[in-house]
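If you scroll down you'll find the structure; I have some questions about it.
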Amino acid sequence: MHKPAAPAAYTPARVPDGCRVYAVGDIHGRLDLLERLLERMAEDAARRPGPKRLVIVFLGDYVDRGPNSRMVVERLMQGPPADGPLAGAEWICLKGNHEDYLVRFLDEMGVGPAWCLNGGYETLRSYAGELPDRVGGDMAALQLLLSRSLPPAHLRFLARLPLTHREGDYLFVHAGIRPGTAIADQAPADLLWIRDEFLHDRSAHEAVVVHGHSPSPTPEIRPHRIGIDTGAYYSGHLTALVLEGTDRRFLVS
């Protein structure tokens with residue numbers, strides 16, 4: 001009588017040796033929470049010195065909904081602090097669907113209504129000041145206003161953001177991945193926008209996916225994904241996942 005094969009031993013996901021990763025969820029114009037979380041990260045790095053590499057990954061959705069989209073983008077463009085525990089960190093900003101909305105609106109007026117209803121008005125105010133009443137629903141006027149008020153350096157930054165980053169057994173992406181499709185073959189639209197097909201899938205992936213995009217009151221930890229969008233713009237809580245070796249922990253602003 002043959003004995004059933006023993007199940008394969010579970011191997012915890014890990015980041016490369018000598019590396020610590022801070023992954024930051026959706027910011028949505030909350031400069032106050034971003035600055036506070038960077039302070040928490042600096043305090044954490046000072047208390048736990050040692051890694052040769054510090055990697056800070058922002059998962060997208062820097063703009064819309066909150067009041068300070070322009071200043072959030074400006075801060076991210078500056079990179080890591082020049083001194084202190086986070087100096088010299090690898091600073092990786094990924095693209096979210098809201099950055100995609102903004103950039104596309106400059107060329108595709110048809111995305112304007114959906115963008116504005118999902119926080120675009122707040123971004124326009126952040127860049128251009130209070131909007132005249134007469135342009136509130138005039139997409140052509142809003143498109144022109146954005147093109148005139150968005151600094152070229154900001155447009156270059158937002159348009160060139162990468163879609164994914166990989167560290168060891170973890171893949172960092174804004175929304176998620178299409179189940180059953182190799183990471184190398186993922187469509188940009190899925191990486192930026194996917195929701196239910198990814199969130200409810202229980203199959204194994206090539207890597208543990210760390211993502212934002214789908215808010216929840218607390219981080220969602222599943223066998224093959226970790227969601228860290230805690231709804232900063234309305235909850236007042238911006239979350240960072242900290243990965244080192246096989247350890248996982250969280251910081252909250």
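Leu191 is checked against (1) surrounded by 17 or more Cβ atoms within 10 Å (Cβ to Cβ); (2) under 19 Å from Leu38 (Cα atoms) and fails just one. What number does that condition carry?
Here Leu191 meets the rest and fails (2).
So for region 68-79 (the condition being without any contact (Cβ under 8 Å) to a residue 12 or more places away in the chain and surrounded by fewer than 20 Cβ atoms within 10 Å (Cβ to Cβ)), does at least one residue qualify? Please lay out each step first, then the result.
Applying the first criterion (without any contact (Cβ under 8 Å) to a residue 12 or more places away in the chain) to region 68-79 yields 78.
Then keep just the ones that are surrounded by fewer than 20 Cβ atoms within 10 Å (Cβ to Cβ); that gives 78.
Looking for residues that are without any contact (Cβ under 8 Å) to a residue 12 or more places away in the chain and surrounded by fewer than 20 Cβ atoms within 10 Å (Cβ to Cβ), one finds at least one in region 68-79, hence yes.
List pairs: first residue in region 153-168 and within 18 Å of Ala187 (Cβ to Cβ), second residue part of a strand (DSSP E or B) and among the aromatic types (Phe, Trp, Tyr) anywhere in the structure, Cβ distance under 9 angstrom, at least six positions apart or on different chains.
Thr164/Phe172; His165/Phe172; Arg166/Phe172
Considering only residues that are part of a strand (DSSP E or B) and in contact with a Ser or Thr (Cβ under 7 Å, 6 or more places away or on another chain), which ones fall in region 213-250?
Initially, region 213-250 is screened for residues part of a strand (DSSP E or B), giving 220-222, 225-227, 239-244, 247-250.
Within region 213-250, Gly227, Thr239, Phe250 qualify.
Sticking with this structure for a sec: Output the residues belonging to region 82-112 that are out of contact with any helix residue (DSSP H, G or I) (no Cβ under 7 Å at 6 or more places or on another chain) and surrounded by fewer than 16 Cβ atoms within 10 Å (Cβ to Cβ).
Ala82, Asp83, Ala87, Gly88, Glu90, Asp107, Glu108, Gly110
Which residues, counting only those in region 176-212, are under 23 Å from Arg248 (Cα atoms), out of contact with any Leu (no Cβ under 8 Å at 6 or more places or on another chain) and either at pLDDT below 95 or in a loop (DSSP other than H, G, I, E, B) (or both)?
His200, Asp201, Arg202, Ser203, Ala204
Here's the yes/no breakdown for (1) under 24 Å from Arg125 (Cβ atoms); (2) at pLDDT below 95; (3) hydrophobic (A, V, I, L, M, F, W, C):
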site: Arg14; (1), (2), (3): no, no, no
site: Asp17; (1), (2), (3): no, no, no
site: Leu33; (1), (2), (3): yes, no, yes
site: Asp44; (1), (2), (3): no, no, no
site: Asp61; (1), (2), (3): yes, no, no
site: Val72; (1), (2), (3): yes, no, yes
site: Asp107; (1), (2), (3): yes, no, no
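The values are calculated or read from the model by the stated rules, or taken from the named source; none is laboratory data. Just so it is clear, the structure is predicted and the values come from calculations on it, not from any experiment. So basically every Cβ, Gly included, is an ideal-geometry build from the backbone, and we count neighbours across all protein chains shown.
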